[in-house]
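Worksheet: the structure to be examined is printed underneath.
The values are calculated or read from the model by the stated rules, or taken from the named source; none is laboratory data. Note that the coordinates shown come from a computational prediction; the quantities given were computed from them, not determined experimentally. A quick note on method: Cβ atoms are made from the backbone with ideal geometry, for glycine too, and the neighbour counts reach across all protein chains shown. Calculation scope for accessible area: heavy atoms of the full protein, side chains included, ligands and nucleic acids excluded. Shrake-Rupley method; radii C 1.70, N 1.55, O 1.52, S 1.80 Å.
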Amino acid sequence: MTDLAQQAAAIDAPRRRLLSPLNRRRWDNFRNNRRGWWSLWIFLAIFTLTLGSEFIANDRPIVVSYKGEILFPAFVNYPESKFGGFLGTTNYRDSFIGDEIAANGWAVWPLVRFSYNTVDGYQPGSGALPPTWLLSRDEACARYPLQAEDPNCNWSNYHWLGTDGEAHDVLSRLLYGMRISVLFGFTLTILSSVIGLVAGAVQGYFGGWVDLIFQRLIEIWTSVPALYLLLIISSVIAPSFWVLLGILLLFSWVSLVGIVRAEFLRGRNFEYIAAARALGVSNATIMWRHLLPNAMVATLTFMPFILSGSVVTLTSLDLLGLGLEVGTPSLGDLLFQGKENLQAPWLGLTGFFAIAIIMTLLVFVGEGVRDAFDPRKAIA
């Protein structure tokens, strides 16, 4: 080994010591699965991009300099009186406001000048319209004051993925909708995993009557038709992000119980667990420190699949009209719009490809995690 290689190994050694040899081997196995590795990074890149949707698609400027004052309309709701108007909320897409800002300062706009709920008053027609790049410039700018010569008829005011039946920009709704769907999936997956881990750990570790009673209760609970319960609750309570999350959490936590229970049932009979009990170590310490790490292997393997299932569930509910509030952007709403506007195939295709890409990436990541935790590959 050359001096340079030895120095690099010396620098890298402390970082690698953060992981145990077994986990380091699992991490290396996951990295060697190129499909899962790159799917993870692509998924994280897409999710990070959607987290900053306000900076990409918004009907308000990010920063405005007006008469020497720096304003942040994307985050602060300024009254129109600040710019010489009289309304309580400023419409920055209005030509009067635009001219006033241009005459007294400058504005930095997002790449797309539409938010998920912006109705484009300059849309050349009614109903769902195809992407602007499929139209001629004369057609796309027909309703602007100066038509094709209007300076506001530019690429940032184009609808790159068309509009839906309510003149909303599809690209903006796609960005905001993906963010809501993935955040919903992440939240439901984490909460379900925590509850499932606790329930499965208690069942598996104590066994006996505790396991028997819990198991019968879970069987009774899982026999309740979740869809019917959702229909009943939706007729009483207006569905929202948190209401849907609570309803689905009632049933989703049981998916991990069986796996965790099996790991704890197996582990409770190990000799080192019996020795810990004999030494007076508390049950909570044994479960947390000695048995939970083994159960986490199965849990981490299943989490990408639970996440993909959560995203599909929310999309399905939105498609059936049982999901989020009307007007909330989501992938299911895009599919619903596509179903209601069969003459506008770009709506259904956009929703289909978005959900297909997310599902494909998550499945590839899940396969990579599963292979990485495979004992045969981890020991090899």
Counting only residues in the stretch 45-67 that are open to solvent by less than 20 Å² (accessible area, probe 1.4 Å), touching a residue at least 40 places away in the same chain (Cβ under 8 Å) and farther than 14 Å from Ser172 by Cα, the one farthest from the chain's Cα centre (by Cα) is identified as Ser65
Out of Gly323, Gly309, Gly327, which single residue is in a helix (DSSP H, G or I) and either at pLDDT below 85 or under 13 Å from the mean Cα position of the chain (by Cα) (or both)?
Gly309
Are any residues in the stretch 334-349 open to solvent by 20 Å² or more (accessible area, probe 1.4 Å), in a helix (DSSP H, G or I) and over 15 Å from Gly321 (Cβ atoms), and if so, which ones?
Pro345, Trp346, Gly348, Leu349
Mind checking whether some residue in the stretch 77-88 is under 21 Å from Pro345 (Cβ atoms), of a type in the set (S, T, N, Q) and at pLDDT 85 or above?
no
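Picking from Tyr176, Tyr205, which residue would you name as being assigned to a helix (DSSP H, G or I), in contact (Cβ under 8 Å) with a residue 24 or more places away in the chain, aromatic (Phe, Trp, Tyr) and in contact with a strand residue (DSSP E or B) (Cβ under 8 Å, 6 or more places away or on another chain)?
Answer to the selection: Tyr176.
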Hey, Ser126 of a type in the set (Gly, Ala, Ser), under 28 Å from the mean Cα position of the chain (by Cα) and either surrounded by 16 or more Cβ atoms within 10 Å (Cβ to Cβ) or part of a loop (DSSP other than H, G, I, E, B) (or both) or not:
no
Considering every residue within the stretch 86-99, establish whether at least one is of a type in the set (Ser, Thr, Tyr), out of contact with any strand residue (DSSP E or B) (no Cβ under 7 Å at 6 or more places or on another chain) and in contact (Cβ under 8 Å) with a residue 40 or more places away in the chain.
yes
Could you list all residues from the stretch 140-150 that are surrounded by 16 or more Cβ atoms within 10 Å (Cβ to Cβ) and either within 27 Å of the chain's Cα centre (by Cα) or over 25 Å from Leu175 (Cβ atoms) (or both)?
Ala142
Cβ pairs under 6 Å, 6+ apart or interchain, first in the stretch 106-125 and free of Cβ contacts under 8 Å to residues at least 40 places away in the same chain, second in a loop (DSSP other than H, G, I, E, B), ordered by first then second residue, are Tyr122/Arg143; Tyr122/Tyr144; Pro124/Ala142; Pro124/Arg143
